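Let me begin by presenting the structure, written as structure tokens, before commenting on it.
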Amino acid sequence: MDARPTVLLLNGPNLNLLGRRDPAQYGTTTLADIEKRLVELGGELGVEVVCAQSNHEGELVDRIHAARDLDGVVFNPGAYAHTSIALRDAIDAVPTPCVEVHISNVHAREPFRHVSMTAPVMSGCVSGCGVHGYELALRHVVWLIGQNG
Ligand code: CA2
């Protein structure tokens, strides 16, 4: 029997604090809750979800490079979305479909959050749907895997 496709759920800087501070902006759900839910949803959709979080740009670049051997990525780059050409280049260099998630509606916030360095090389973007956006992104990645496989 073929192995199930594997999808990486990757979260960037400060997202380890979810649910612990600033509930008005990001809600009360913790990162552990999100990871548990996506692993569960992945099971329902027939994919294995593996999870990682880092506050370090270089480690996120390494994770994206390693995703070359996986089938899809759901990625909330956090503030690095607005600044990181290194992450953009990494995503662009890897053929694995990657969908960007922002919990908040970045377009309704400060002007510096309206720009995403990473979005142009993504296979899709979800912003402003709260933590539900991670589920939407996973469903889209699974759909893309079905299209390509
Ligand atoms: O809306 C999102 O998901 C963001 O990626 C979150 C980033 C922000 O810089 C982006 O513009 C939009 C910030 C993550 C900070 O997470 C915290 C969570 C709880 C308490 C404090 C920070």
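The values are calculated or read from the model by the stated rules, or taken from the named source; none is laboratory data. Please read these numbers as outputs of a predicted model, since none were measured by experiment. Note that each Cβ is placed from the backbone with ideal geometry, even for glycine, and that neighbours are counted across all protein chains shown. Keep in mind that these areas ignore ligands, DNA and RNA; they rest on the heavy atoms of the full protein, side chains included. Shrake-Rupley method; radii C 1.70, N 1.55, O 1.52, S 1.80 Å.
Tabulated data
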read-out	value
Probe 1.4 Å, accessible area per residue of the range 6-148, Å²	47
For the chain, diffusion coefficient by Stokes-Einstein and Kirkwood Rh (Cα), 20 °C, 1.002 mPa s, µm²/s	141
Whole-Hz couplings from phi, Karplus 6.51/-1.76/1.60, listed for the range 94-108; x for Gly and Pro	10, x, 4, x, 10, 10, 8, 10, 10, 5, 7, 7, 4, 6, 9
Estimated vicinal HN-Hα couplings, Hz - the range 63-77 in sequence order (Karplus 6.51, -1.76, 1.60; Gly, Pro = x)	5, 5, 4, 5, 6, 4, 8, 9, 9, x, 9, 10, 10, 9, x
Cβ-placed point charges (K, R +1; D, E -1), dipole of the range 6-148 about Cα centre in debye, nearest 20	340
Heavy-atom accessible surface of the chain: percent carbon and sulfur, 1.4 Å	51
Charge dipole of the range 71-149 about the Cα centre (unit charges at C-beta), most positive-ward option of 122, 132, 95	132
